[in-house]
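S.K.: Sharing a structure below in structure tokens format, with a few things to ask.
The values are calculated or read from the model by the stated rules, or taken from the named source; none is laboratory data. Quick caveat: nothing in here was measured; it's all calculated off a predicted structure. As a convention, Cβ positions derive from the backbone with ideal geometry for all residues, glycine included, and neighbour counts pool all protein chains shown. Keep in mind that these areas ignore ligands, DNA and RNA; they rest on the heavy atoms of the full protein, side chains included. Shrake-Rupley method; radii C 1.70, N 1.55, O 1.52, S 1.80 Å.
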Amino acid sequence: MDPTLIALPLLAARVAARASQPSWILVVVHDDAAVGRTVNDLADELEVLVPEGDLARGTAPVEDALRLAGQKLVVVGVDESEAPTLDLARSRLQHPVPVVLVATASAAALLGPHLRSWIGGSIFQLEAEVSSTEDRLADLRRAYGKTDAEVIALAESRTTPLEPHFAEWLVLLNRGDLIPSGGSG
Amino acid sequence: MTRLARFREYMARMNPVRDPEQALDLYVEPPEDRSADDIAARFELEPACAQVLVGGVGSGKTTEVLRAVKRLEDANSDILAAYIDVTKFHKLEESLDGVLVSLVARAVLRVTSAKPEQAEQSAMKKLRELSEGVTEWIHPGDSFVASFQRSLESLPGGQPRMTKVTRPSAIVPPSLGSRFAEYVQPLKTTIEPFIGSDHLVFAFDGLDRLSTAHFQTAVRDDIVTLKAAGIGVLVVAPGGMAFGERTTLDLFDKVVLRRAFDPRVPAMRSFLEAIVTRRAPAGALTSGAIDRICRGSGGFLRDLLALAKDAGEAAYVAGHEMVEEADAEKAVGELGRSLAFGLSDQEMTILSAVAKTKRLVVRGEVELALIDKRALATQRDGTWSVHPALLGVLTGAGLLDLKAS
């Protein structure tokens, strides 16, 4: 059975709401290539929701990523070789604020029962991973409370905020020509 | 207090991932199955016994161990008890041979007298070599460095007169084989002047992370050695131990089984409700939400708190002032989907059979894994049940047929 589907902005909001407490969240993605992409996408979303300097994008292994992150919220990928070892290291993985693990389904299935119990019901799959372009556009409209026309108007007036989602939004509308050169802002 | 502040306080108090040692003040006395009291009472009667606490993930084993140690400390008795989370000192990925003995030796050496007698000095030296490792200069003729002889002889300029040799601590990573018996007397000699006629008990937590198969071979020699030295031992073991082979369990004088608290039994349900209401600020949850959380937890204490917390998050996102039944329902659904994630066809077949018959025959690793991941729980009447959050999701999706065949 697939995990609970969730939109990226809502997942980021839920992680950010837990920012002052220990919490473990698992995000399941389709393939290895999506692991790094999802770590970055989620970290991008979180950067605007948590105070500056409170977020770390980890690189494997997880134990090292947590040690380096100190008191920061961590988003980190975990692969099939590391996943089964994490249960034995669980006491050393205690972290004062949320840890978001991103893994393929095959790696996630290798996580041991102790870490899975820490994660509890917080296993998610991003809607963007399974949704069509129209679904993703609906997510963006819902997340930002704007219509496609309003975003196009913003881009045309060159007041588009420095926000990667607006660039993605324009690309999905086949209006990538409106993305200002040198970035999305 | 603002709505945000109220929900923040609620979330902090419901955290299931916090250190159990910091949550002892929130403890609620269970109606039965007082594992801590059973364990402490046995040590009071037989201080040098070996006990094992077996239980599923998130069943509250660590809390019970901490309470047992606290009761022994508070009892003003002749027992000195210490709690050691093995995983904080030693990588479980490495061999565990000799680690429990080494940790006891290390703890004893830190508190024994500053001016030991000669016999104690010798005993302490031996323990120190085991627990801390040793570096010394040895003549090349010494048998200890015999293995280095050939390479030393080939060095230009001839053989050095003395060779520096380092033997590492047993703790990372030991390879001591069957030599533990020689540490029984040094342990006795070192401990005796310190404790006199009192007794020592060590509670080792964290070994439940090992697979059942690994646990069976990992601690055997250490338990035998510590028992022989007259030291009481409590070890926390994985849940599958209670249903696997008996050889290792037979090493222990007492086996304490920690079960989930079946929310279908009124007394257990009241206990689970008391845990939630003890932690929740007044008026934070509706009675319907508390009921749904207790039923959905299956009586696993970590799931109980995780559901309460996730329901709080759902209520906050939904704009509710209190945690409502619908918020709890959402949290139970997410937990069920998480428990269902990654289940194999073989596991689904077993779950289906247990849901129909309430019986389980543990044939091997697959059944033990379902117990370890708390998809299955044994009740006090000997029946088995599927975790209710998982059962709800699987039946709701038409993946589990509950009709008796």
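S.K.: Among the residues in the range A:22-44, are any modelled with pLDDT under 85 and among the polar types (S, T, N, Q)?
M.R.: no
S.K.: Please return the ranges of helices (runs of 4 or more DSSP H) entirely within the range A:94-149 where 3 or more residues are within 18 Å of the chain's Cα centre (by Cα) and within 14 Å of another protein chain (Cβ to nearest Cβ).
M.R.: Passing ranges, in order: A:105-108.
S.K.: Separate question: A:D44 fails exactly one of the following numbered conditions: (1) assigned to a helix (DSSP H, G or I); (2) within 12 Å of chain B (Cβ to nearest Cβ); (3) farther than 23 Å from A:L86 by Cα. What is the number of that condition?
M.R.: The single condition A:D44 does not satisfy is (2).
S.K.: Just the residues that are more than 14 Å from chain A (Cβ to nearest Cβ) and open to solvent by 30 Å² or more (accessible area, probe 1.4 Å), please, taken from the range B:364-390.
M.R.: If the condition is that a residue be more than 14 Å from chain A (Cβ to nearest Cβ) and open to solvent by 30 Å² or more (accessible area, probe 1.4 Å), then B:R380, B:D381, B:G382, B:T383 are the ones that fit.
S.K.: Hey, among the residues in the range A:84-93 that are more than 9 Å from chain B (Cβ to nearest Cβ) and assigned to a helix (DSSP H, G or I), which one's surrounded by the fewest Cβ atoms within 10 Å (Cβ to Cβ)?
M.R.: A:P84
S.K.: Which members of the range B:29-63 meet the condition of being assigned to a helix (DSSP H, G or I) and under 14 Å from B:L200 (Cα atoms)?
M.R.: Matches in the range B:29-63: B:A40, B:R42, B:F43, B:E44, B:L45.
S.K.: Next up: For A:V15, only one of the following conditions fails: (1) within 27 Å of A:G145 (Cα to Cα); (2) in contact with a helix residue (DSSP H, G or I) (Cβ under 7 Å, 6 or more places away or on another chain); (3) free of Cβ contacts under 8 Å to residues at least 12 places away in the same chain. What is its number?
M.R.: Only one criterion is unmet by A:V15, namely (3).
S.K.: Condition test on B:L304, is it touching a Ser or Thr at 6+ places or on another chain (Cβ under 8 Å), open to solvent by less than 10 Å² (accessible area, probe 1.4 Å), part of a helix (DSSP H, G or I) and more than 10 Å from chain A (Cβ to nearest Cβ)?
M.R.: Spelling it out, B:L304 is indeed touching a Ser or Thr at 6+ places or on another chain (Cβ under 8 Å), open to solvent by less than 10 Å² (accessible area, probe 1.4 Å), part of a helix (DSSP H, G or I) and more than 10 Å from chain A (Cβ to nearest Cβ).
S.K.: Within the range B:231-255, count every residue that is in contact (Cβ under 8 Å) with a residue 60 or more places away in the chain and open to solvent by 10 Å² or more (accessible area, probe 1.4 Å). Outline the logic, then answer.
M.R.: Let us first name the residues in the range B:231-255 that are in contact (Cβ under 8 Å) with a residue 60 or more places away in the chain, namely B:231-244, B:249, B:251-255.
With the extra rule that they be open to solvent by 10 Å² or more (accessible area, probe 1.4 Å), the set shrinks to B:242-244, B:251-255.
Result for the range B:231-255: 8.
S.K.: Here's another thing I want to ask about it. Residues being buried (at least 17 other Cβ atoms within 10 Å of the Cβ) and either in a helix (DSSP H, G or I) or at pLDDT 80 or above (or both): count how many of those fall in the range B:391-405.
M.R.: Taking the range B:391-405 and keeping what is buried (at least 17 other Cβ atoms within 10 Å of the Cβ), we get B:391-394, B:400.
With the extra rule that they be either in a helix (DSSP H, G or I) or at pLDDT 80 or above (or both), the set shrinks to B:391-394.
So the count comes out to 4.
S.K.: Mind counting the residues in the range B:318-363 that are in contact (Cβ under 8 Å) with a residue 24 or more places away in the chain, assigned to a loop (DSSP other than H, G, I, E, B) and more than 14 Å from chain A (Cβ to nearest Cβ)?
M.R.: Of the residues in the range B:318-363, 7 are in contact (Cβ under 8 Å) with a residue 24 or more places away in the chain, assigned to a loop (DSSP other than H, G, I, E, B) and more than 14 Å from chain A (Cβ to nearest Cβ).
S.K.: Under 6 Å between Cβ atoms, at least 6 apart or on separate chains: pull out the pairs that start in the range B:208-230 with a residue that is more than 24 Å from A:L88 (Cα to Cα) and end on any residue that is open to solvent by less than 10 Å² (accessible area, probe 1.4 Å) and assigned to a helix (DSSP H, G or I).
M.R.: So the pair list comes out as B:T225/B:V101; B:T225/B:F180; B:A229/B:L187.
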